[in-house]
Amino acid sequence: MSAPFSWIRPEPWGVHVVPADCWIDPGKAVDRALVTHGHADHARGGHGETVATPETLAIMALRYRTGIEDEGGEMPSRATPCEYGETIRLGGGVDATYIPAGHVLGSAQILLEHAGERVVITGDYKRRPDPTCAPFEVAPCDIFITEATFGLPVFTHPPIEDEIAKLLDSLAEHPEQCVLVGAYALGKAQRVIAELRAAGHDAPIYLHGAMEKMCRLYEDHGVPLGDLRLVSDYSKDEMRGAVVVSPPSALNDRWSRRLPDPITAMASGWMRVRQRARQRNVQLPLIISDHADWDELTRTIDEVDPQETWITHGREEALLRWCQLGQRRARALALVGREDEDE
């Protein structure tokens with residue numbers, strides 16, 4: 001008889017589901033990958049088969065041509081959709097169920113069941129409401145594999161309404177300028193736009209060209225973003241008093257010279273760290289994160305109540321210590337490629 005949970009094996013390049021010979025969020029191309037969401041440190045091209053939610057597959061088709069025929073009419077990377085709540089049989093007696101993670105559009109936790117044992121891999125997640133994606137659902141399990149991007153007590157994210165109010169106040173105080181918001185192209189940009197709309201800002205929002213396709217994809221999947229316009233189609237004067245959204249890399253790029261005296265803002269959980277804001281020359285730091293903060297991480301572990309917690313990346317030591325002090329079994333995993341993104 002095999003040892004408990006010997007069928008799930010953390011490797012440097014991802015979590016290996018041994019009986020089914022498939023991988024969760026592998027950092028290299030494999031024959032069969034189960035992908036939690038579309039961010040580049042979890043999703044990549046080149047897999048023989050990719051299993052993910054329909055929304056994540058659409059994102060991967062846009063970014064990596066997953067499930068798209070090549071010039072010869074072949075489909076080198078097969079795409080297998082799995083809806084939230086749907087259970088699929090992977091082989092080797094392993095079942096997988098995709099459960100909302102609340103991180104970005106299509107993001108999922110993956111519940112694996114085998115031989116009466118339950119393992120949940122969260123990918124990335126948050127517990128705050130987000131108008132652009134399905135909310136996180138608690139799934140009790142035996143082993144809970146969690147991220148820890150903001151796994152330090154100092155990281156307590158403020159209400160997003162307060163950060164959006166700061167943005168709009170700055171806009172109102174400087175009507176001859178614009179506010180240029182650096183935001184990650186997948187998830188963060190669309191969330192900032194949707195929250196601005198929820199706060200009553202119905203004016204046109206201008207986009208860097210690199211943001212357009214992903215914003216349109218969100219709209220195609222039922223996320224209304226209002227009047228979006230490309231910066232390249234308008235003059236400086238037309239963008240005075242407007243919000244402009246760009247990738248973080250464009251904040252201090254030559255591209256920004258076409259804008260009317262921009263006030264540089266950045267939307268990221270890392271804006272809690274003042275030094276990071278100064279390094280990026282950010283005038284208006286907006287603490288808006290798509291990851292769980294310390295309180296959310298610890299509350300989630302309490303609610304899931306696993307036999308053991310595995311911590312995949314981020315501030316592993318602090319969360320590991322918190323588990324140990326609470327008499328919870330835990331271990332830190334050494335997965336490569338899980339980096340601090342501008343999230």
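The values are calculated or read from the model by the stated rules, or taken from the named source; none is laboratory data. These numbers were taken from a predicted model, which means no experiment stands behind them. Here Cβ is always computed from backbone atoms with ideal geometry, including for glycine, and neighbour counts include all displayed protein chains. Quick note on the areas: whole protein, heavy atoms, side chains included, nothing else; ligands and nucleic acids left out. Shrake-Rupley method; radii C 1.70, N 1.55, O 1.52, S 1.80 Å.
Overview of values
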quantity: Highest-MSF residue in the chain out of Leu325, Leu152, Leu186 [GNM, Cα springs under 10 Å]; calculated: Leu325
quantity: Stretch gain in nm, segment Glu83-Glu49, where the contour uses 0.36 nm per residue and the Cα spacing is subtracted; calculated: 10.6 nm
quantity: Solvent-accessible ranking of Met239, Met75, largest area first, probe 1.4 Å; calculated: Met75, Met239
quantity: Inter-site label distance for Ala115 and Arg321 at 7 Å from Cα along Cβ, in nm; calculated: 3.6
quantity: Phi-based couplings in Hz for the range 173-187 (Karplus 6.51, -1.76, 1.60; Gly and Pro marked x); calculated: 6, 10, x, 8, 10, 10, 10, 9, 9, x, 8, 3, 5, 10, x
quantity: C-alpha center-to-center spacing [the range 211-244, the range 299-334] in angstrom; calculated: 40
quantity: Filtered chymotrypsin sites (Phe, Trp or Tyr not before Pro), the range 1-36: DSSP coil and at most 13 other beta carbons within 10 Å; calculated: none
quantity: Residues with amide H under 5 Å from that of Thr53, placed H, sequence gap 5 or more; calculated: Cys82
quantity: Full-stretch length increase - Asp295, Leu62 - with 0.36 nm per residue and alpha-carbon distance subtracted; calculated: 80.4 nm
quantity: Highest-MSF residue in the chain out of Pro159, Pro224, Pro81 [GNM, Cα springs under 10 Å]; calculated: Pro159
quantity: Between the range 44-69 and the range 110-169, the alpha-carbon center distance in angstrom; calculated: 23
quantity: Kirkwood-type radius of the chain, with distances r between different C-alpha atoms, in Å; calculated: 20.9
quantity: HN-Hα J in Hz across the range 218-234 - Karplus 6.51, -1.76, 1.60, θ = phi - 60°, x for Gly and Pro; calculated: 4, 5, 4, 9, x, 10, x, 10, x, 7, 10, 9, 7, 3, 4, 9, 9
quantity: Shape category assigned to the range 200-295 from the gyration tensor of Cα positions, a/c cut at 1.5; calculated: oblate
quantity: Global form of the range 52-145, assessed from the alpha-carbon gyration tensor, a/c cut-off 1.5; calculated: oblate
quantity: Gaussian network model of the chain, springs between alpha carbon atoms under 10 Å - residue of Leu180, Leu259, Leu57 with greatest fluctuation; calculated: Leu259
quantity: GluC sites (Glu not before Pro) lying in DSSP loop within the range 132-210, provided at most 11 other Cβ fall within 10 Å; calculated: Glu176
quantity: Percent accessible area from carbon and sulfur atoms, the chain, protein chains only, probe 1.4 Å; calculated: 47
quantity: Virtual paramagnetic centre 7 Å along Cα→Cβ of Val154, amide N under 13 Å, in the range 233-270; calculated: 270
quantity: Per residue accessible area of the range 134-269, 1.4 Å probe, in Å²; calculated: 39
quantity: Quotient of C-alpha Rg and 2.2 N^0.38 Å, computed over the range 158-245; calculated: 1.02
quantity: Tyr125 long-range amide H proximity, modeled H, under 5 Å; calculated: Ala292
quantity: Two-decimal Rg/Rh across the range 256-343, once Rg and the Kirkwood Rh are taken from alpha-carbon atoms; calculated: 1.12
quantity: Residue-count net charge about Ala96 - beta-carbon cut-off 10 Å; Lys, Arg +1, Asp, Glu -1; calculated: -2
quantity: Net charge dipole size for the chain [Lys, Arg +1 and Asp, Glu -1 on Cβ; Debye, nearest 20]; calculated: 860
quantity: Karplus-derived HN-Hα couplings along the range 75-84 (A = 6.51, B = -1.76, C = 1.60, θ = phi - 60°), whole Hz, x at Gly and Pro; calculated: 10, x, 10, 7, 10, 10, x, 9, 6, 4
